[in-house]
Amino acid sequence: MDSRRQSSAKPITHKDYKSDIKPVWCPGCGDFAVLNAIGKALAFLELPREEVALVTGIGCSSRIAAYTSLYGFHGLHGRALPLAAGLKAARSDLTVLVAGGDGDGLSIGGNHFIHACRRNMDLTYIIMDNEVYGMTKGQASPTTAADWAQGKLTPRGTGIRPFQPAGLALTAGATFIARAFTGDPNELARILVEAIRHPGFAFIQALSPCPTFRPEQMGWKRQVRAFADETTADPLEAARRIQSDDGMSLGIIYRRELPVFQPGAPAREPAAAIESEFRL
Ligand code: SF4
């Protein structure tokens, strides 16, 4: 794959980061906007495709890697972050993006999420939050409201308070925390640019409606608004903003530079030596 930044007179555009695989997402799914925003952010930064990797878990939104022309890794359910951390440890020169849904990242992957926050590796993690498991037909996720009644599993709601992803990230030690809305892909792209530039673990909660199982989320466009205040580097102030908000305020909430964890790259072994370890 050639480096368009260096070898072509034609300016790179967001379309250069798309593959020719047609997304299977439902019409109106917010995940389309995340795909576009990733392309726009990378085009703005003029990052060659071969210098970027996108690691995902499992779920509707985790299909996103296949729809880009980046190096992609469609991992196991909830395991995108450890995969990405390993990749970044071995290849610190790569820009490593991580993406998935609220179920993938906060339920089965919840333990990995909190440790990725505190480890502060230079990763950008986007959770496409639609407060539901879409791929498995609409079960409650860790961000589903306690009273969302649905189907046979939770006919009267879960009765359990949902996570606040931004608050969880702050408590666990993330150094860049933002909330964005897929209904405003340009702002999402702007936040992504800042997240990629941030040295350390950058977390973006992208409110991404699921019109199939949560059609009421199409009303989010009337509920979102910008945070009243600029981003802060004070964790107490960030906590106050998150806790006093209804979860619909958007922007870069918190940004602080702290030492980045980057273990030395392991010695490279010949592929045959690695393969021999996995022989049964
Ligand atoms: Fe998107 Fe929901 Fe359809 Fe999954 S089920 S593709 S999250 S709209």
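Worth a mention:
Yes/no matrix, rows are residues, columns are (1) touching a helix residue (DSSP H, G or I) at 6+ places or on another chain (Cβ under 9 Å); (2) open to solvent by 50 Å² or more (accessible area, probe 1.4 Å):
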position: Lys10; (1), (2): yes, yes
position: Cys26; (1), (2): no, yes
position: Asp31; (1), (2): yes, no
position: Lys40; (1), (2): yes, yes
position: Leu70; (1), (2): yes, no
position: Ala89; (1), (2): no, no
position: Thr95; (1), (2): yes, no
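- Pairs with Cβ under 6 Å, 6+ apart, first in the stretch 154-177 and in contact (Cβ under 8 Å) with a residue 12 or more places away in the chain, second surrounded by fewer than 18 Cβ atoms within 10 Å (Cβ to Cβ) and among the acidic types (Asp, Glu): Gly157/Asp147
- Residue list for the stretch 210-244, filter: in contact (Cβ under 8 Å) with a residue 40 or more places away in the chain, within 16 Å of the ligand (Cβ to nearest atom) and open to solvent by 10 Å² or more (accessible area, probe 1.4 Å): Cys210, Pro211, Thr212, Phe213, Arg214, Met218, Lys221
- When the residues of the stretch 99-112 are filtered to those that are of a type in the set (Gly, Ala, Ser) and surrounded by 21 or more Cβ atoms within 10 Å (Cβ to Cβ), the one that is farthest from the ligand (Cβ to nearest atom) is Gly109.
- Of residues in the stretch 113-170 being charged (D, E, K, R) and within 16 Å of the ligand (Cβ to nearest atom), the one nearest to the chain's Cα centre (by Cα): Asp129
For every residue, the table says whether it meets (1) over 19 Å from Met248 (Cα atoms); (2) polar (S, T, N, Q).
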site	(1), (2)
Thr136	yes, yes
Ser141	no, yes
Gly151	yes, no
Gln164	no, yes
Leu168	no, no
Thr171	yes, yes
Glu187	no, no
Ala195	yes, no
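- Per-region count, the stretch 42-58, residues open to solvent by less than 10 Å² (accessible area, probe 1.4 Å), within 21 Å of Thr212 (Cβ to Cβ) and either free of Cβ contacts under 8 Å to residues at least 12 places away in the same chain or not polar (S, T, N, Q) (or both): 1
- Any hit, the stretch 34-44, residues being within 13 Å of the ligand (Cβ to nearest atom) and among the aromatic types (Phe, Trp, Tyr): no
- Residue in the stretch 76-89 that is out of contact with any Ser or Thr (no Cβ under 6 Å at 6 or more places or on another chain), touching a residue at least 24 places away in the same chain (Cβ under 8 Å), among the hydrophobic types (A, V, I, L, M, F, W, C) and within 16 Å of the ligand (Cβ to nearest atom) present: no
The values are calculated or read from the model by the stated rules, or taken from the named source; none is laboratory data. Predicted model, so just to flag it, every value in this text is computed and none were measured. Cβ atoms come from the backbone with ideal geometry, glycine included; neighbour counts cover every protein chain shown. Heavy atoms of the whole protein, side chains included, go into the accessibility calculation; ligands, DNA and RNA do not. Shrake-Rupley method; radii C 1.70, N 1.55, O 1.52, S 1.80 Å.
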